[in-house]
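Note sheet for the following structure.
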Amino acid sequence: LVILMRDGRIEQAAPPADIYQQPATTFAASFVGSPPMLLLPPTVLAQTQRSEAGRTPDTVFGLRAEDVVVVPEGEGRLDAKVAATEFLGPETFLVAEIAGGERLPARVPGRSACEPGTGVGLDWPLAAVHRFHRETGMRLP
């Protein structure tokens, strides 16, 4: 059991895997994992063609790098340009920049052929999206 605290109060008390997979707050989401969970305002996801973000302005959306899939440009939820890549042996860590300058990390199996400046699409399963209340930071159902 791990007890994650912030400012003298408990944010979440759970096994490490639970904190990683089901963080109770945005603080827990950004504290555990490398890279930490990416937290996106609804305005970013509203750019997607398959998003509920426009209907949920009080929601912050969280994505883990391993849930972001790189697909051909025009075939994902968002289009982006590769900003950087780092080959790590069994995987490549890729950072893609979307319109507005937000950067989304992705873990790509093996060696990625994407070079900085390459246009790509970014996709993810809807089940991988975490939802948090914008004001309180608390996890939403």
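The values are calculated or read from the model by the stated rules, or taken from the named source; none is laboratory data. Note that the structure is a prediction, hence the values are computed from the model and not measured. Reconstructed Cβ throughout: ideal geometry from the backbone, glycine too, with neighbour counts over all protein chains shown. Heavy atoms of the whole protein, side chains included, go into the accessibility calculation; ligands, DNA and RNA do not. Shrake-Rupley method; radii C 1.70, N 1.55, O 1.52, S 1.80 Å.
Summary of computed values
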| item | result |
| --- | --- |
| Filter result (open to solvent by 40 Å² or more (accessible area, probe 1.4 Å), over 17 Å from P36 (Cβ atoms) and out of contact with any Gly (no Cβ under 8 Å at 6 or more places or on another chain)) within the stretch 89-100 | E97, A99, G100 |
| Any hit, the stretch 56-75, residues being free of Cβ contacts under 8 Å to residues at least 12 places away in the same chain and either basic (K, R) or surrounded by fewer than 18 Cβ atoms within 10 Å (Cβ to Cβ) (or both) | no |
| Number of positions in the stretch 85-141 that are acidic (D, E) and assigned to a strand (DSSP E or B) | 4 |
| Selection within the stretch 1-48 - surrounded by fewer than 18 Cβ atoms within 10 Å (Cβ to Cβ), of a type in the set (V, I, T) and in contact with a helix residue (DSSP H, G or I) (Cβ under 9 Å, 6 or more places away or on another chain) | V2, T43 |
